[in-house]
Amino acid sequence: MRMTTIEIDLDVYKGIEARRISFDESHNDILRRDYGVHGIAHRAAAQIGALPIGRAKQSRRSGNYAAAWLGGDVRATSLKSLLKGTILELAKSRPGFIDELSKHRTSRGRRIVARKAEELYPNNPQLVEHGAEQLDSRWWYDTNVSTGQCSKYLAVIGELSGVGNIALEKHS
C-alpha cells in the first residue's frame, strides 16, 4: 500500500490522539475509523459475518473544548473526546491512575471508568448500549455526561491523578 505524508499542526495531532481507543492503533487506523474508510479485509470480514453488525459510534462534534491543568491540557470537539483524552493523557505519566479512578463512584453509583461496560452503570444497565465506550483495550468509560457532569468528573480526575484543579473551557 502506498503511503503519503501529510503535515498537521499540534492541535490536529492532539485531536487524533484524543480519539485513540488503544495504544496498538496507528494514526492511520484512527483516521480510517473516524472517516469510515475500510479496507478490503474489513469489507470481506463483514460479508462473512466475522464483524459485529452495526455502526461504530462516531464522535459527535459539539464545540471546541479544553481541559487545562498546571502542566498540561487536552483539546477536543466533544465532551466525551475531552474526557477520554484527559484520562489517557494523565495515565501516561501516572501508573495506576486509571485503576484508582475505577474505584470512585458518583453519587448515583456510576463509575467514570471500569473494566467492563456493565460496571459503569450498576443501577441503570440500559445506559450501557448508548453511554459506554472503550477507553483503551482494557477499560471502558462513561460518555453519557452533560457539561456539568463532565466538570465534576474532571474535578475527581484532577484530585485522583494529583494534578489538582482541571478547568473545563468551551471555546466558540
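Any read-out appearing in this document is the output of simple, stated calculations on the displayed coordinates, not a laboratory observation. On a predicted model such as this, the values are computed, not experimentally measured, just so you know.
Figure the gain on full extension for Arg32 and Lys116 (residue separation times 0.36 nm, minus the Cα-Cα span) and round it to one decimal in nm.
27.7 nm
Go through Lys14/Lys103; Lys80/Lys103; Lys14/Lys170; Lys103/Lys152; Lys14/Lys80; Lys84/Lys170 and tell me which ones have a Cα-Cα distance over 18 Å in this structure.
Over 18 Å apart, Cα to Cα: Lys14/Lys103; Lys80/Lys103.
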